[in-house]
Amino acid sequence: MPEAATLPTVEDAVALGLTRAEYDLICEKQGGPPNQVELAMYSLLWSEHCAYKHSKKLLRTLPTEGPSVVMGPGENAGAVDIGGGLVCAFKVESHNHPSAVEPFQGAATGVGGILRDIFAIGARPIAVLDSLRFGETTSQRSRYLLDRAVAGIGHYGNSIGVPTIGGEVYFEGPYEQNCLVNAMALGIARREDLVTSAAVGVGNVVLLFGASTGRDGIGGASVLASAELGEDDDKRPTVQVGDPFEEKKLMECSLELLQRALLVSLQDLGAAGLTSSASEMASKGKVGIDIDVAQVPLREADMEPFEIMVSESQERMLCVVEPTDVDAVLELCEKWEVSGAPIGTVTDTGQMRVFKEGALLGSMPVRALVDDCPLYDLQPGKPTGTTYPAPQALLPPQINPRRDGSGEETVAQSANELLLALLCSANVASRRPLFEQYDAIVQSRTIRRPEQADAAVLAVQPLDGGEHEAVPAIAVSIDCNGRRVAADPYTGTVAAVLECASNLACVGAEPLGTTNNLNFANPEKPHIAWQLTESVRGLGDACRALAAPIVGGNVSLYNEGATAGPIYPTPVIGMVGALPDARRAAPLGFVREGDTIALVGPFAPSLDASELAKLWGHELPDGLPAVDIAAVASAQAAVRAAVRSGAVASAHDVAEGGLAVALAECCLAGGVGARVALEDDALERLFGECSGGFVVSGEERALMDMSEQTTVRILGAVEGRSLRINGQIDLSLEELAEAHSALAELFA
Amino acid sequence: MRFGVLQFPGSCDEVDALHAARRVGDAELLWHGERDLKGVDAIVVPGGFSYGDYLRAGAIARFSPVMESVIAFAEDGGLVLGICNGFQVLCEAHLLPGALLPNTNLRFTFRQVDLEVVQKDTAFTGACEGELLSIPAKHSWGRYYADEPTLAAMSDNGQVVLRYAPGHNFNGSSDDIAGVRNEQGNVFGLMPHPEHAVDELTGSTDGLCIFASMRLAAEGARA
Amino acid sequence: MRARVLIRPKAGILDPQGEAVQRALPALGFEGVANVHVGRLVELDVQDPGQLESMCEKLLANPLVEDYEIVLASG
């Protein structure tokens, strides 16, 4: 080793986020105190973000296997078999903290990162979905974050030619200081084209291609900078800036490299840059890797070796190539106008070694870096008091919620007023002003666009106009109601998983696999550890019951504001399913007058933790009514079968806002009214929420056929230009539409 | 009938255009770096973000080797269809009058729009029936602009081929102009995407007639 | 030598970016602001400044809808 500058101290380690005990363990593994480069690399790989110190043990309890699983957790993305020799790769990831700092770039680079995970395993990305959480729309900051995040997602997805086909957004106080930006992507590949990330073949070349390397994302590690550069903060941008045009070229280059069988393995560069990519490739392959930082194409002069190793510059990939293929690889990089450079070698030393030309700058055992990071047990403790303040009441009994201020003041709201208040509330109103900023149709696969059906539906092959017996398709949904998870982490998480599967059932899709992004606060606090433990228990139980194993996911912890407290526990669930014929994917809107309307499935609605309870400013309840998972699964199976057979005209699952809102949504999407009668006029029946209910329309006989598998209650019929429920609700389509378009003013 | 669909770094909808053209004839991709147009009967300049929309949308693509050949092809009377980014490229290359500017609402917008067919007997609308075409539009830089004298001349020459129906002009285009042709009538550009309106399953089929019209025109030219 | 090219929308053409900025400034407490236009800046080192005009006409600006101004570094 060359004469070292002063070695970093334990205080430096702590400044980088390590504990003293972890620092001591590193010294033990290294046989002495780590130097600057080594400490920087350990601090990243042993961070919560990379090592999952507080969640790994818990995640091991989840179901990850099944007959459809082709690639499970542990690789860049998971993949399920969709038939015909094809697989669907998918994963969800978060970019929460960067988005709170710079929402446009944070959201954009979140999309960029998840897309790279998809083509890193050899699949062509075919769709993106986003799952967002902000504070209430009364907050100017939250409106700004929403506006910029949506613009960033659109900018990246639209520019790279991958359609954004679905998503969700919620507005809740606890996310005010900690917004959530989760991005999910899907891709398609032939099964035999899938590639893993393990580095193998001693003597093989490690090659970096894509954009050049700059100082993006280094911020935190800047404490290690040498004295002369340390003062100048301008040189250390912490915001990663994404370039979708660069990534488009990178994607085409990567896919062509794989198609030509020029790569042994492939890994994308994300959090912790070269450090994590190279180490993880070495760990999976049980090999060592030598890297020469002098070979890395740089965007900025004078970058220190540790900066090169930790840079999070976007749009870069790392691959392992046999020496005889290097020239061909570089030629292809040139064709696609991306830079490519051999930067290292696969060795049998079991060490991760960093050189600058000939000089050895750091050497770490790969096992120590990647596998030996200490894992911590959570110390869960159910909270005795309330964790979250009650939501702001928007609906005091005296105020008429009509937005134009007309109408008399009333003592208690009528059912009409309650329905309008729900339809214009931020969590229920139409998301059209958001999704109109996304290209949802590029690649010609989109059979159901946003707001047309409960799940997005994509044809497996782009349509070519030929005669086909059936059009095989994939369906996907992303869901989670964090407020309900806060009320009951176990049941709320079960409900999120069931919600996804119900959405899939409405288009006739059977779940194949699940991905999840666990967004939680500080797990070192017992009540948050309890939320996490209970949520993962619910996630496991529900995925097992539905035979929809987890094929990959992400964890984002420490989402807590200094003054605002923890976010709602938000386990975002993404689920992919397959349907044999896209032509049978039922729309959510009513189709024609005269069709019978039925409520299908178990339906035991409660106002606890409902959107109406939120509008009234109710505190969160302690616990939600238990869900009969088997009964809901039966209803999903019945609806799925009916939709597949073509027997029903429309299907929509009942979610936020309850049955009245679901019926209104069906009327609005179909452009036609309905007249229904419910068994009583209790507010619970109109606006209560639960898992399991579906609003289905079609011929009465076809609907009643489902009663062999599940409960079917005939409610009424599609007719007219108003929604009429009992004698309580009578609203025209125009009135419903006006309320439903409330979010437009956020983007004016 | 053979269509050549150009492919630039950053093109997105070129494969969609390829599939759409194949419903009407044969079609192949033409790489931006090559001058050989391979004897195709018509050129399609597709949508997307060629060269990242750097500097101005279409500003760099216009100088690519393949475009040199396309300009010569157009000057010779060859059929050229420009869609969205393709329309921008054709304006930058001065094969079509006017320019495309950022949408007035400054946002990317994706919406199904109705287009009035103003000129029915062109090489691009000859096979279109009905008054309105329902076609999706998706862009952030689609506001058509030309100065008053140019607009007057275009009107006199029947160069405005498609207009957004009332209420459907979301980008602020002058005179609701959605699609224009050159004086000669062999080059046509439009912001909405006809290649995304060719199958009932994915929306409307109103875009197919534009490709069908081109085939008729090419066959007529050969006859 | 170092040159800067300032490109702005031609007078008379709707400039929604300029309008957006003009609306936003008073909202932040800045009064007395008018005539806001938003354009682009291209900076470059050139061996022959005489070519700049041609560069602008051909590539850097779209003369149909944009005006440009060439500023040479002094000295």
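A short reminder: the numbers here are calculations on the coordinates, not readings from a lab. Remember, predicted model here, so these are calculated numbers, not experimental data. Here the Cβ positions follow ideal geometry from the backbone for every residue, glycine too, while neighbour counts run over all protein chains shown.
Worth pointing out:
- Relative contact order (%) - chain A, alpha-carbon pairs under 8 angstrom, separation at least six: 15 percent
- Contact order relative to length of region B:2-222, as percent, for alpha carbon pairs under 8 angstrom and 6 or more apart: 21 percent
- A helix-only calculation puts chain B at -7000 deg cm²/dmol for mean residue ellipticity at 222 nm, using -39500 (n - 2.57) for each DSSP H run of at least four residues, averaged over all residues.
- In region A:259-319, Cα pairs under 8 Å separated by at least six residues give a relative contact order of 57 percent.
- Here region B:2-222 is treated as a sphere whose radius is the Kirkwood value from Cα pairs; by Stokes-Einstein at 20 °C and 1.002 mPa s it diffuses with a coefficient of 128 µm²/s.
- 10 Å Cβ neighbours from other chains, averaged over peptide B:101-107: 5
- Residue-averaged beta-carbon neighbours from other chains (10 angstrom radius) around B:197-210: 3
- Projected label distance in nm at B:A153 and A:R713, using a 7 Å step from Cα toward the beta-carbon: 7.1 nm
- Counting DSSP beta bridges with both ends in chain A, the antiparallel % (nearest 5): 80 percent
- Alpha-carbon centroid distance for the pair region A:491-568 / region B:47-111, whole angstrom: 46 Å
- Rounded to 5, the percent of DSSP beta bridges in chain B classed as antiparallel: 55 percent
- Helix-only CD estimate at 222 nm, as mean residue ellipticity for chain A, using -39500 (n - 2.57) per DSSP H run (n ≥ 4): -9500 deg cm²/dmol
- Proximal lysines relative to A:K56, as straight alpha-carbon distance under 28 Å, when same-chain residues fewer than 8 apart are discounted: A:K29, A:K91, A:K284, A:K286, A:K382, A:K525
- Charge dipole magnitude, Cβ of K and R +1, D and E -1 - region B:2-222, Cα centre, debye nearest 20: 360 debye
- When the chymotrypsin sites (Phe, Trp or Tyr not before Pro) in region B:33-114 are filtered for DSSP coil states and for at most 15 other beta-carbon atoms within 10 Å of their beta-carbon, the remaining sites are B:Y54.
- Peptide A:426-439 is shielded by partner chain Cβ atoms: per residue, an average of 2 of them sit within 10 Å of its Cβ.
- Summing Lys and Arg as +1 and Asp and Glu as -1 over all other residues whose Cβ lies under 12 Å from the Cβ of C:V5 gives a net charge of -2.
- Counting only cysteine Cβ atoms and a cutoff under 4.7 Å, chain B contains unmatched residues B:C12, B:C84, B:C91.
- Modelled label positions at A:E469 and A:A301, each set 7 Å beyond Cα in the direction of Cβ, lie 6.8 nm from each other.
- For A:S444, net neighbour charge (Lys/Arg +1, Asp/Glu -1) across residues whose Cβ lies under 15 Å away: -1
- Within region A:293-335: backbone nitrogen closer than 14 Å to the A:L360 label point (7 Å, Cα to C-beta): none
- Cut-off 11 Å, label 7 Å out along Cα→Cβ of A:R432, residues of region B:94-128 by amide N: B:112
- A Förster distance of 51 Å, applied to the separation of the beta-carbon atoms of A:T9 and B:Y54, puts the FRET efficiency at 0.65.
- Label-point separation in nm, C:V21 to A:E28, each point 7 Å along Cα→Cβ: 5.9 nm
- For A:P34, net neighbour charge (Lys/Arg +1, Asp/Glu -1) across residues whose Cβ lies under 12 Å away: -4
- Sites A:T138 and A:D348, calculated FRET efficiency, Cβ-Cβ separation with R0 41 Å, nearest 0.05: 0.10
- In order along region C:38-49, phi translates into HN-Hα couplings of 10, x, 9, 10, 10, 10, 7, 8, 10, 7, 10, x Hz, rounded to whole numbers, per the Karplus curve 6.51 cos²θ - 1.76 cosθ + 1.60 with θ = phi - 60° and x for Gly and Pro.
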